[in-house]
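Structure first, commentary second.
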Amino acid sequence: MEFEQVIRDRYSCRRYRPEQVDAQTIRRILDVSRQTPSWCNTQPWHLLIVSGKAIEEFRDQFYKHAASGATPKPDFAFPLRYEGIYRERRKVCGVQLYQSLGIGREDRTAAAEQSLENFRFFGAPHVALLTTEEDLGVYGAIDCGLYVSNFMLAAQNFGVASIAQAALASHPEFIREHFGLPPTRKFICGISFGYADPAHPINAYRTARASEAESTTWVE
């Protein structure tokens, strides 16, 4: 696909068909993604690609953990607050999502249930769990952010849908314990991926983007 079209077509997929992406396609995505630039070429990212029986076990246990009311303890602090335009953008995104599912503003139970679908990976047959080394600090995390973008664009290029999930970063210790990761590997986010279910209404809505005038200042 053309680069511009890949960027414009990509969206956050929240419902997937059950069939797996073949290993060769996943490796092509990884091969493109590894070209991501990083500070001093440190390449701090490491992925766990979870599929098959492993993802079903992980999906079930992670959902139960999150639904139990476990206190979120992310490795990297979540935003302190959303104010002004950031609050408005977040609100519009949430309203659009719930409207696509027929969930009303006052139906907090249904909204909470939908939020917990993050921990089922929205039914995706694969999830990539991304970590960085503790000593590399915030810049290692920034480099991983670049990797996440390239991974999702590479996936789109090969016809694979995806979604980056910061929600999974709420419980990094659970992930480390489940997969036996060392404490120095700090969790960034998950990327659920697979083939989109085009018939599901949640995949029909698209979020808006700010104009160039809103996000850019020219100095000459």
Evaluate the relative contact order of the chain (contact order divided by residue number), counting alpha-carbon pairs under 8 angstrom at least 6 apart; express in whole percent.
-> 38 percent
Spin-label pair R120/Q20, simplified geometry with 7 Å Cα→Cβ offset, distance in nm | 2.1 nm
At most 11 other Cβ within 10 Å, DSSP loop - trypsin sites (Lys or Arg not before Pro), the range 117-215 | R206, R209
Just check the chain against the gyration tensor rule for me: Cα atoms, a ≥ b ≥ c as the square roots of the eigenvalues, rounded for a/c under 1.5, and otherwise prolate or oblate depending on whether a/b exceeds b/c.
-> rounded
Add -39500 (n - 2.57) for each DSSP H run of 4 or more in the chain, then divide by its residues: what number comes out at 222 nm, to the nearest 500 deg cm²/dmol?
-> -13000 deg cm²/dmol
Net lengthening on full extension, A199/R8 (0.36 nm per residue, minus Cα-Cα) | 66.7 nm
Going by a ≥ b ≥ c, the root eigenvalues of the Cα gyration tensor, does the range 45-88 fall in the rounded group (a/c under 1.5), the prolate group (a/b larger than b/c) or the oblate group?
-> prolate
Farthest towards the positive end of the dipole of the chain, among I191, A128, Y205 and with Cβ unit charges of +1 on Lys and Arg and -1 on Asp and Glu, lies the Cα of Y205
Shape of the range 116-220, Cα gyration tensor, a/c cut at 1.5 | oblate
Fewest to most Cβ atoms within 10 Å: W218, W39, W45 sort as W218, W39, W45
The range 70-111 scanned against label point 7 Å out from A210 along Cα→C-beta; backbone N under 20 Å for 78-96
Hydrophobic long helices for the chain, i.e. whole DSSP H runs reaching 30 angstrom or more by Cα along the axis with Kyte-Doolittle mean at least 0.0, come out as 137-157
Would you mind estimating how fast the range 12-103 diffuses translationally, via Stokes-Einstein at 10 °C and 1.306 mPa s with the Kirkwood radius over Cα pairs, in µm²/s?
-> 89 µm²/s
Just how large is the dipole of the range 169-214 about the Cα centre, in debye to the nearest 20, putting +1 at every Lys and Arg Cβ and -1 at every Asp and Glu Cβ?
-> 140 debye
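Taken together, the values in this text are just the output of simple stated rules run on the coordinates, not laboratory data. Keep in mind the model is a prediction, meaning the values are calculated, not measured. Cβ coordinates were reconstructed from backbone atoms using ideal geometry, including for glycine residues, and neighbour counts include every protein chain displayed.
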